[in-house]
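One structure is given here, and the rest of the page talks about it.
The values are calculated or read from the model by the stated rules, or taken from the named source; none is laboratory data. Treat the numbers as computed from the prediction; the structure is a model and nothing was measured. Note: ideal-geometry Cβ built from the backbone for every residue, glycine included; neighbour counts use all protein chains shown. Protein only, heavy atoms only, side chains kept; ligands, DNA and RNA dropped before computing areas. Shrake-Rupley method; radii C 1.70, N 1.55, O 1.52, S 1.80 Å.
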Amino acid sequence: MQLHIDDITLECLQGNIVRQDEIEAIVNAANAWLQTGGGVAGAIHQAAGPGLAKECAAQAPIQPGEAVISSAHNLPNRYVIHCLGPVYGKDIPEDQILADCYTNALNIAEQRQIISIAFPAISTGAFGYPIEEATKICRDTVKRIIPELSSLQLIRFVLFSEQDLEVYKNTFQDLS
Ligand code: AR6
């Protein structure tokens, strides 16, 4: 699914975050220590190689809602932007913290004049955020920030499962 708002293209597709070859920056659903883990963090660190964890160690730990940027090492991308999402029911207020992840990641991308970024569904795996609620926060946050973007041209949402893609498609179609 593709949407065009102002000069920005929004895409929702099913796939693997480490296979977004033409995207300049991919976003990691990180842990506070910016080390490997399960899900997205495991896939990103495995594909990037050990240099990623080494580079990231100096910036850790990060707080829920925070985002930091690193190079992408052996990944096909130029950068990885690492976001620590809220643990659902624990990091309060989780909606604000999740919104901060998207805002901070997009602001860092703008500062670096990045033109394309791909997000996974932050916090909706090990951190337990219900996908429908998380997707609405993602949509509303991106909608709010779009008028401020000048460098980014493509924002892609990469969903691992077909069901999650359906939720994204249904939620984002409200924007068109
Ligand atoms: N590509 C795209 N999406 C993926 C991939 C992938 N390769 N793998 C999983 N997903 P999660 P969180 C989906 O758990 O909830 C880690 O262990 C997955 O189906 O990666 O923010 C870290 O070390 C889900 O919808 O991130 C942290 O401790 C979404 O990506 C913790 O998990 C996010 O799932 C972070 O938890």
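Things to note:
- Which of Ser151, Pro76, Ala105, positive extreme of dipole for the chain (C-beta unit charges): Pro76
- Partners for Lys143 among aspartates and glutamates (Cα-Cα distance below 13 Å; same-chain residues under 8 apart left out): Asp6, Asp7, Asp174
- Probing with 1.4 Å while keeping every protein chain in the model, the per residue accessible area of the stretch 60-155 equals 43 Å².
- The H on the amide N of Arg156, modeled in the peptide plane, is under 5 Å from the matching H of Glu11, Ile117, Ala118, Phe119, each at least 5 residues off or on a different chain.
- Stokes-Einstein D (µm²/s) once Rh is taken as the Kirkwood radius of the chain over alpha-carbon pairs, at 10 °C in 1.306 mPa s: 101 µm²/s
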